[in-house]
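One structure below.
The values are calculated or read from the model by the stated rules, or taken from the named source; none is laboratory data. No experiment lies behind these values; they were computed from the predicted model shown. Cβ placement follows ideal geometry from the backbone for every residue including glycine, while neighbour counts extend to all protein chains displayed. The area values use the complete protein model at the heavy-atom level, side chains included, leaving out ligands, DNA and RNA. Shrake-Rupley method; radii C 1.70, N 1.55, O 1.52, S 1.80 Å.
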Amino acid sequence: MHFPFCNGKCDYCSFYSVVPSNSLVDSYTDALLNEIAKCSKEFDGKKFDTVFIGGGTPSLISDSNAEKIFSALFSHFDISENAEFTTEANPESLTDGYLSTFVKYGGNRLSLGVQSLCDKECLAVGRRTDKEKVFSAIELAKMHGIKNISCDLILGLPDQTIESLFYSIDTLLDQDIKHLSLYSLKIDKGTPLYTKKDILSFPDDDAEFELYHSAVIHLASRGLKRYEISNFALPDFESKHNLKYWNQDEYLGLGPAAHSFMNGRRFYNESDLKKYVGGSCRVYDNDGDIEANSVEERLMLSLRTQKGFPVCDFPKHSVHSVSLLHKQLISHGLAENNGEYVILTDSGLWVMNEIILRFIELI
Ligand code: SF4
C-alpha cells in the first residue's frame, strides 16, 4: 500500500509523493478504503501473508486514518495471522500513536529511511534527519516490541568514503538492526540534485563499486548475507515481502503509483492523486517488450538475487550460446563457477544490466 505524502522533497527523489494537507489526505484515505473494498471482491479467495505500507512517508499517517486503513485491510482481505507486516517510516516523523495502531494490527517490521548517519552527507542531498532522530525512532520501535528493523542507506553520496559508510553501517548494526538495504544514489533529471550535480563531489563509478564491494565484505563479517543486489540480512530476516517481487509471486498494490501482479497480469495505478481520488486509475501493462513471467522477465528478476537463474530454464535452442556466455562470465570473474545456476559476483552485479542484455540477445 502506497501512502504518497512527504513533508518535503529530498533532493534526489523521483518517487511519486506530494506535500500533505488534511483534506487531501482524507480524500486519499476515502479512495483507498474504496479500493480496498473493491479489490477484496475482485480478488476474493486470495490469501496474503505479507503486508507492506510504503511511501512517501507512511509515518505521517494520522492515528485515526491509520486505524481506518488497517482495520479495512484486515477485515476485507484474508491475511494470515503471522503475516510479515512492514511499515516504512522516516525517523523524524515516527510517532508513538502511529506505532501503537500499527502494532495493534499485527505490525512487526519497520523499514527506516536513514540513508546516512553522517550529517554532511545527508545535508548534501536534502535529507531532513539526523543521528539522534534515527536512534529515537529505533528506540521507539523497540519499545513497541518491534524487533525486525531494517534501515535504508545510500551509496554514492557526495564525499562519501568507505570509512563514513562503515560508520553508518556499524552504528546501525550496534543498534541491533537485522536488515540493511544499500541503494545506489540515482541522479535523475528533473530533481533538485540534478541541478546541483556539478557543484557536488560524487564518487566516480570505480569508487562507488569499491564502496559496494567493501560493504558486501564488511556486512558478511557482521553476519548479514546479501540475498539480493541491494539487500542484506541476518539469517531468517530477509524481507519476505520484497522476495515476492524477485520470485515472481503475486502481489496487490493499493494507492496511487502502486504496482500489482495478480492472476498472471501486471497492472498499476497511475501516479496521479487527483485521478486516484476521483475513482479508478488502473492501467494494465500492455505486456510491452517483456511479457509477464517470460524467460526475459524471470532472468531480469532472478539475476538480482543470490539464488540466480537456473541454466535449465533457458530455451533449448539457446543452450549452446548461453553456456558459452556463462563460461565467459565465469572466466572474467563476473559469475560464480556454478554449473546449474547463473549467479553473478559483486563485479557481475555491478554490470548486471549489460549482462542481462547479452543473455536476452541469445534467447
Ligand atoms: S522521504 Fe522518500 S519518498 Fe519522501 S521525498 Fe524523501 S526520498 Fe522521496
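Given Thr86, Thr29, Thr50, which one is within 16 Å of the ligand (Cβ to nearest atom), of a type outside the set (Gly, Ala, Ser), in contact (Cβ under 8 Å) with a residue 40 or more places away in the chain and not in a loop (DSSP other than H, G, I, E, B)?
Thr86
If we keep just the residues of the stretch 89-103 that are within 16 Å of the ligand (Cβ to nearest atom) and assigned to a helix (DSSP H, G or I), which is most open to solvent (accessible area, probe 1.4 Å)?
Checking each candidate, the answer is Glu92.
So, in the stretch 294-316, of the ones that are farther than 20 Å from Ile229 by Cα, open to solvent by 40 Å² or more (accessible area, probe 1.4 Å) and in contact (Cβ under 8 Å) with a residue 12 or more places away in the chain, which residue ends up nearest to the chain's Cα centre (by Cα)?
Step one: filter the stretch 294-316 for residues farther than 20 Å from Ile229 by Cα, giving 294, 312-316.
This time we only want the ones that are open to solvent by 40 Å² or more (accessible area, probe 1.4 Å), so: 312-313, 316.
Now restrict to residues that are in contact (Cβ under 8 Å) with a residue 12 or more places away in the chain: 312-313.
Working: Cys312: 29, Asp313: 27 Å.
Step by step, filter the stretch 294-316, then rank; the result is Asp313.
Testing Pro58 on (1) away from the ligand (no atom under 16 Å from the Cβ); (2) under 18 Å from Gly253 (Cα atoms), one condition comes back false. Which one is that?
(1)
I'd like the residue in the stretch 339-363 that is part of a helix (DSSP H, G or I) and of a type in the set (S, T, N, Q) and, out of all such residues, is farthest from Leu299 (Cα to Cα). Steps first, answer last, please.
We begin by selecting, within the stretch 339-363, every residue part of a helix (DSSP H, G or I); these are 346-350, 352-362.
With of a type in the set (S, T, N, Q) added as a condition, the list becomes 347, 353.
Working: Ser347: 18, Asn353: 11 Å.
Only one residue tops the list, namely Ser347.
In the stretch 1-51, how many residues are of a type in the set (Gly, Ala, Ser), under 25 Å from Ser239 (Cα atoms) and under 24 Å from the mean Cα position of the chain (by Cα)?
2
Out of the residues in the stretch 117-135 that are more than 13 Å from the ligand (Cβ to nearest atom) and assigned to a loop (DSSP other than H, G, I, E, B), state the one that is surrounded by the fewest Cβ atoms within 10 Å (Cβ to Cβ).
Result: Asp130.
Name, by its number, the condition in (1) open to solvent by 20 Å² or more (accessible area, probe 1.4 Å); (2) aliphatic (A, V, I, L, M); (3) out of contact with any helix residue (DSSP H, G or I) (no Cβ under 6 Å at 6 or more places or on another chain) that does not hold for Met262.
It is condition (1) that Met262 fails.
How about the stretch 1-26: which of its residues are among the polar types (S, T, N, Q) and more than 10 Å from the ligand (Cβ to nearest atom)?
Residues satisfying the conditions are Ser21, Asn22, Ser23.
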